[in-house]
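> Please see the structure below; I have some questions.
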Amino acid sequence: MESLPRLGYGLGLRPVYYDEILSTRPPVDWFEIISENYMIPGGRPLVMLERFRADYPIVMHGVSMSLASTDPLDLDYLKALKALADRVEPAWVSDHLAWTGVHGRNLHDLLPIPYTREALNHVVERIGRVQDILKRRLVVENASTYVTFTQSEMPEWEFVAQMAERADCLLLLDVNNVFVSGFNHGFDNNAFIDAVPADRVAQFHMAGHTDNETHLIDTHDQPIREEVWTLYERARRRFGDVSVMIERDDNFPPFSELLGELQHMRDIDAAIAANASRSAA
Amino acid sequence: MKLAELQSLFQSAVLTGDAEDAAILDVIAAPRDADRPTMMGVYVNAYRLRLAEFLDEDYPALRVMLGDDDFEALVEAYIDANPSRLRNARWYTTRLPEFMQESENWNANALAIGLALFERALTDAYDAADAPAHGIETLAEFSPQDWPRLGFTFHPSLRLIEVAAGVLDAYVAATADEHEDEDEEAPGSAEEDEGALDEDDIPIEDYPPYASDGETIAIWRADLDPAYRQLDPDEYLALCEAMAGQSFGDICQLVAFQNEGQSATERLAQFLVTWFSEGLVIGVAEAK
C-alpha cells in the first residue's frame, strides 16, 4: 500500500496564531487547516495560507463531507474541495466518519451513526466515490460520540477497521476521540487502539476535552489530559512514527503552551524509542 | 430501523430542540453514567450554540447596540426560522438583515437593520474574490477625447449600502474599545471617519429614528482588511452608475443634474482619483 509521508509534529493553523507563526517561525513540522475555512472566494485567509504553504507541509481536514449521510453526496462541495486541494497540494485530505444532516439540512456537527452492516456498506461506497472524485486516497477520522444506537451490530473499532479495508482508505486516529467515546459509552480504549489496522493509520489527532463528570465532551479548548497522553503512548507503540498534530479550537492559550505540548509529545516518543533500543540490544 | 429513518429521527430531535424525544431515545443505547436525554442534549445544545456563535462572530456591533438580551432573542428567532442548508457555515449568517426586515419584531428598527447590513458587508468584503487594482496611470493609456466613453470595473469586494442615518456612528460607538487597539493608519478606522464618536457620546436610546435622508456607505477590502467610507449623495450616485457599467460621460450628466452650477467633469474626476487611490478600480475600457 502507498504510504503517506511522515510529517512529524504539527498544529492546527488558526488565525489567532498567524502573526506569531510568521514572525517567529516556530519549531512546528507541519500545519493542518480546516478545509472549509479556506473554501472562500479570496482575501486574507487564502493569502496567509499561501504564505504558510511556502514554508510548511499542509494537511486539509474537513468537517462537512457528511460521509455517512443518506443524502446524496454534495458534488459541488467535493468540486470546491478538490479545487482547494489542487491549489494547496496538501500532504493528504481528511474528514470524519460521521454525517452532518439529511433532507438538505446541515446541522454543522459531526453526528453519530449506528455500527451496522447497512451503514458500513453505505459509508464504504461513498468513500470510494469521494476518492474517485478527489483522485486521492481519503483519510477518515473516528469522531467523538455522545450516544450509540441499540441496533449497532459491532463495536466502533470493528466498523472502522472493516471500513478502512473495504474502502481502501486511510485512517486518522483521533486519540482523544477514542478516550472521550470510550468514557461516554464504557468501552475499552485499549481494545480500540489494538484493533485498528496498523498499516492504515496515517495520522493521529490529539486534543483536550471537557469533563462533565458523567460524560466527556470533545471541546478542543483545554490542555491534553494525562489519561489521553497515556493512550497516546499505547498508540505510538502500536502505530510507529505516524504524523501527529494537536487540535486547539477555543480558549486559545499562548502559542508557547501548544509548543510545550508538542515538546511533551516528542519527549514521550523519544522515551519509547529509547526503550525500544534497549530492548533490541 | 433503516439508516435513513434513524437519521431523520435524530435530526428532527435536534432541530426541534427536544432532547427527550421518545422516538429517538428509544433507539439510543444506555450510556455509561449519564442518562440518555443528557447525552442527546449534547447534540441538541451544540446545534444552537454553534449557530449562535456564527452570528456572534459576524455581528459583534449589532450585539452591543441591541444589548445581550435583545440580540440573543434575535439569534434564537433567526435559528428557529433558518435551519442551515449550507455546506459551509461561512454563509449561514448572511440572511440576518433580510430576516430582520421581514420580521414584525425587528422591521421597525431601521438602525439595527442598517447596522446588520453594514456588518454583513464587512464580512463579505473580507473574503471576497481577489483582483489586482489599477492605478490612476491607467487613464493615460486613453486619449482625453476617449474619456467620455470609458467605463470602469470595480473590485469584487466593493459593496454600496444605503442605510438609516446614524449607522456608522452606532458602529463606531459599538466597536470603540476594539478600535483603540487598532493601527490608527488602518483604512476605515474610526479616526478617519468624519463625525466619529466616543463610545459615550450617544446613549443607545438617543440614536436617531429612521430618516429618509439616510447614509450611503461604500465597503471594500484594502490591504486584506475591510475598509469603509461614507459617501456624499452625488458620489454614491456616480459610483452606483459606474458599477452598473455607465460611461464617464453618462455619469457626468447625472452628477451635473445633482449638482447644478458645479463642473460635473471636475467633480467626477475627483471621485475617480479617489476610487483609483483606494484600490477600487480593477478595469478600464471603453463602455459598450
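Laboratory data are not the source of any read-out in this text; all were calculated from the coordinates shown. Computed from a predicted structure; not experimentally measured. Neighbour counts are summed over all protein chains in view; Cβ atoms, including those assigned to glycine, are modelled from backbone coordinates with ideal geometry.
> Report, in debye and to the nearest 20, how large the dipole of the stretch A:70-224 comes out about its Cα centre when Lys and Arg carry +1 and Asp and Glu carry -1 on their Cβ.
Charge dipole of the stretch A:70-224: 620 debye, to the nearest 20.
> Now for a separate question. If Rh is defined by the Kirkwood formula over all Cα pairs and Rg also comes from Cα, what ratio Rg/Rh do you get for the stretch A:146-281?
0.98
> Tell me, what is the Rg over Rh of the stretch A:1-150, with Rh the Kirkwood radius over Cα pairs?
Computed over Cα atoms, the ratio is 0.99.
> Please grab the % of Cα pairs in the stretch A:1-52 that end up more than 17 Å from each other. Before the final figure, lay out each step's value.
On the way: 554 of 1326 pairs.
Cα-Cα pairs of the stretch A:1-52 separated by over 17 Å account for 42 percent.
> Report the relative contact order of the stretch A:102-220, percent, no decimals, based on alpha-carbon pairs under 8 angstrom and at least 6 residues apart.
Rounded, it is 26 percent for the stretch A:102-220.
> P(r) of chain A in 10 Å steps, Cα pairs, percent per bin?
Reading the bins upward from 0: 6, 29, 38, 22, 5, 0, 0.
> Go through the stretch B:86-102 residue by residue and turn each phi into a ³J(HN,Hα) via Karplus (6.51, -1.76, 1.60, θ = phi - 60°); whole Hz please, and just put x for glycine and proline.
In residue order, the calculated couplings are 9, 6, 9, 4, 3, 9, 4, 7, 4, 7, 4, x, 5, 4, 5, 5, 8 Hz.
> Another question, then. Work from the charge dipole of the protein assembly as shown (Cβ charges, +1 for Lys and Arg, -1 for Asp and Glu, about the Cα centre) and give the residue of A:45, A:246, B:174 farthest towards its positive end.
After comparing all options, I get A:246.
> Give the span of the protein assembly as shown's Cα atoms along each principal axis, as three whole-Å numbers ordered largest to smallest.
Cα spread of the protein assembly as shown along its principal axes, largest to smallest: 92, 54, 45 Å.
> Using C-alpha positions alone, give me the convex hull volume of the stretch B:57-144 per residue in cubic angstrom.
Measuring per residue, one finds 159 Å³ for the Cα hull of the stretch B:57-144.
> Above 16 angstrom, tally the Cα pairs of the stretch A:114-206 and express them as a % of all pairs, no decimals.
53
> If you rank A:169, B:240, B:252 by fewest surrounding Cβ atoms within 10 Å, what's the result?
B:240, B:252, A:169
> Identify, among A:163, A:7, A:272, the residue whose Cα sits farthest towards the positive end of the charge dipole of chain A, taking +1 on the Cβ of Lys and Arg and -1 on the Cβ of Asp and Glu, with the dipole about the Cα centre.
Result: A:7.
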